[in-house]
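The values are calculated or read from the model by the stated rules, or taken from the named source; none is laboratory data. None of these values were measured; they are calculated from a predicted model. Virtual Cβ from ideal backbone geometry, glycine too; neighbours counted across all protein chains shown. Quick note on the areas: whole protein, heavy atoms, side chains included, nothing else; ligands and nucleic acids left out. Shrake-Rupley method; radii C 1.70, N 1.55, O 1.52, S 1.80 Å.
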Amino acid sequence: MNRYDSERLVEILGEEQFVLVDDHRQADLIFINTCTVRDKAEQKAFSYLGRLKAVKRRRPELVVALGGCVAQQHGEDLLRRLPHLDLVVGTHGISEVPAMLARFETTGERQAFVEFGYDFGDAPDGRTYSWRPGVSAFVTIMRGCDNFCTYCIVPFVRGRERSRSSDEIIREVESLVERGVREVSLLGQNVNSYGQGVSGELDFAGLLRRVAQVDGLMRIRFTTSHPKDLLPPLMRCFNDLEPLCPHIHLPVQSGSDRILQRMKRGYTRDHYLGLLTELRGIRKDVAVSSDMIVGFPGEGEDDFQQSLSLLEEARFDALFSFKYSDRPQTAACRLDGKVKEEVKLKRLQTLQSLQERITLKKNEAQVGQISRVLVEGPSQVGGSQLSGRTPQNRVVNFQGPPQLVGEEIPVLVTKAHAHSLEGVVCLEANASLKVVKERSWCGK
Ligand code: 5AD
Ligand code: SF4
């Protein structure tokens with residue numbers, strides 16, 4: 001979500017003749033986009049902001065802006081607390097930034113925008129922007145969340161759930177495809193409830209079916225899906241829609257029914273595991289990733305063991321795990337049974353090492369297989385290595401010419417690591433694969 005917001009900001013400011021620079025010493029504006037879902041992310045944002053104090057002292061003309069959830073949460077108060085901060089831009093304020101900057105430039109007025117507007121006015125609508133998207137792009141389909149899981153700050157900082165119109169979404173996808181995008185990731189806090197409460201609107205499965213018809217679009221992904229709302233019509237899309245990648249991010253959060261109930265997640269462990277069986281029955285090669293929290297208030301050793309055994313049963317392809325942290329306004333803040341920091345840390349390490357073994361095993365099972373890889377760009381490994389992802393969302397690094405960027409190619413997996421695969425482009429299989437010919441869209 002935050003990456004999407006950052007991309008949108010770059011796009012909007014691009015219209016105002018701003019260009020993105022790598023080095024903050026060259027910047028006229030530093031915009032810190034923040035996340036407040038976990039305490040650690042918030043602390044990081046404040047620590048960076050603190051370091052900017054000296055920079056601003058040296059260069060008073062520099063504009064310092066804070067955006068995202070931290071801005072939304074603390075609002076105008078931040079301007080009082082931090083004299084070197086010029087603009088505070090809440091989660092619904094990205095489209096306000098050019099006007100705020102103009103006002104600041106002419107009057108020097110420091111400003112905070114933390115209103116909740118429910119339109120998608122800041123989302124692109126198919127116009128041509130100067131900004132060029134990459135191979136893969138995010139598309140917001142809904143905002144906010146009504147679930148109020150007891151640990152989660154999102155409903156407070158992102159507001160109530162609201163779906164964007166499917167016509168607008170399709171227009172954006174079409175425009176992205178025209179500009180060379182091959183893969184879109186549809187974004188929402190809880191995509192399964194897309195369209196609810198909007199009369200005549202499609203549901204999420206219906207939306208996927210429409211997006212899948214966009215000409216030239218190779219791949220569709222979506223995130224995040226809530227297990228309590230994952231129903232058969234959506235599951236069937238994994239079988240029916242060719243562009244829909246066989247990967248789902250389905251956060252489980254805990255393996256203990258007692259804790260799931262305290263989290264107000266609305267499902268049981270058995271229900272969750274049943275969903276995986278059903279999904280894998282519909283699409284054998286579907287990959288599943290998940291989120292897990294350790295040390296939720298009241299989590300005892302037994303509950304934690306349940307989370308470990310769930311990992312063994314679920315055999316996730318990837319897991320993002322976190323130590324519980326209290327977030328302001330949430331119900332869990334007020335729950336008793338807070339778990340000591342050192343216990344949380346130990347549990348996190350145990351959980352992560354178990355999952356690393358599972359992920360590595362799953363990655364090792366790929367060795368010797370040929371996978372369709374959508375090439376995204378140079379690999380972080382460096383050299384002339386390229387990087388791309390399999391439909392199951394596994395990262396594959398391999399040697400190849402930059403002209404392959406944007407193409408879907410067969411790669412023979414030769415080596416497995418904990419978080420990625422290595423491979424070689426498989427030329428024999430290449431002949432039989434549909435390789436996209438027009439490269440002009442990518443500026444090549
Ligand atoms: N403490 C720890 N992890 C949290 N998450 C959300 N809120 C908290 C919290 N208070 C995690 C959940 C969620 C992911 C985005 O962040 O696992 O799925
Ligand atoms: Fe937070 Fe729960 Fe909504 Fe996800 S579904 S954003 S965890 S409240």
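For this structure, a couple of remarks:
- Among the residues listed as 75, 50, the single one being of a type in the set (Gly, Ala, Ser), out of contact with any Pro (no Cβ under 9 Å at 6 or more places or on another chain) and farther than 23 Å from residue 145 by Cβ: 50
- Filter result for the condition that a residue is within 30 Å of residue 305 (Cβ to Cβ) and of a type outside the set (D, E, K, R), over 374, 386, 360: 360
- Test result for residue 279, closer than 22 Å to residue 225 by Cα and open to solvent by less than 50 Å² (accessible area, probe 1.4 Å): yes
- Of the residues making up region 15-73, those that are surrounded by fewer than 16 Cβ atoms within 10 Å (Cβ to Cβ), charged (D, E, K, R), modelled with pLDDT under 90 and not in a helix (DSSP H, G or I) are 16, 22, 23.
- Some residue of region 165-181 being within 17 Å of the chain's Cα centre (by Cα) and either away from ligand 1 (no atom under 16 Å from the Cβ) or assigned by TED's automatic domain parsing to the domain that holds residue 291 (or both): no
- Residue that is modelled with the highest pLDDT, among those in region 138-163 that are open to solvent by 10 Å² or more (accessible area, probe 1.4 Å) and more than 9 Å from ligand 2 (Cβ to nearest atom): 163
- Strands (runs of 3 or more DSSP E) lying entirely in region 152-256 (those with 1 or more residues that are in contact with a His (Cβ under 7 Å, 6 or more places away or on another chain)): 219-223
- Selection of region 323-332 for residues being modelled with pLDDT of 95 or more and closer than 20 Å to residue 159 by Cβ yields 330, 331, 332.
- Test: residue in region 325-338 that is free of Cβ contacts under 8 Å to residues at least 40 places away in the same chain, among the acidic types (Asp, Glu) and either touching a Gly at 6+ places or on another chain (Cβ under 7 Å) or away from ligand 2 (no atom under 16 Å from the Cβ) (or both): yes
- Test: residue in region 247-257 that is within 16 Å of ligand 1 (Cβ to nearest atom) and over 21 Å from the mean Cα position of the chain (by Cα): yes
- Of all residues in region 210-256, those being without any contact (Cβ under 8 Å) to a residue 40 or more places away in the chain and among the β-branched types (Val, Ile, Thr) number 3.
- Residues of region 164-191 classified as open to solvent by less than 20 Å² (accessible area, probe 1.4 Å) and either polar (S, T, N, Q) or within 24 Å of residue 38 (Cβ to Cβ) (or both), total: 8
- Taking residues in region 296-308 that are open to solvent by 30 Å² or more (accessible area, probe 1.4 Å) and assigned to a helix (DSSP H, G or I), and partners anywhere that are within 16 Å of ligand 2 (Cβ to nearest atom) and among the small types (Gly, Ala, Ser), the pairs with Cβ atoms closer than 8 Å and at least 6 places apart or on different chains are 306/254.
- Taken together, the residues in region 314-359 that are open to solvent by less than 90 Å² (accessible area, probe 1.4 Å), away from ligand 1 (no atom under 16 Å from the Cβ) and under 23 Å from the mean Cα position of the chain (by Cα) amount to 4.
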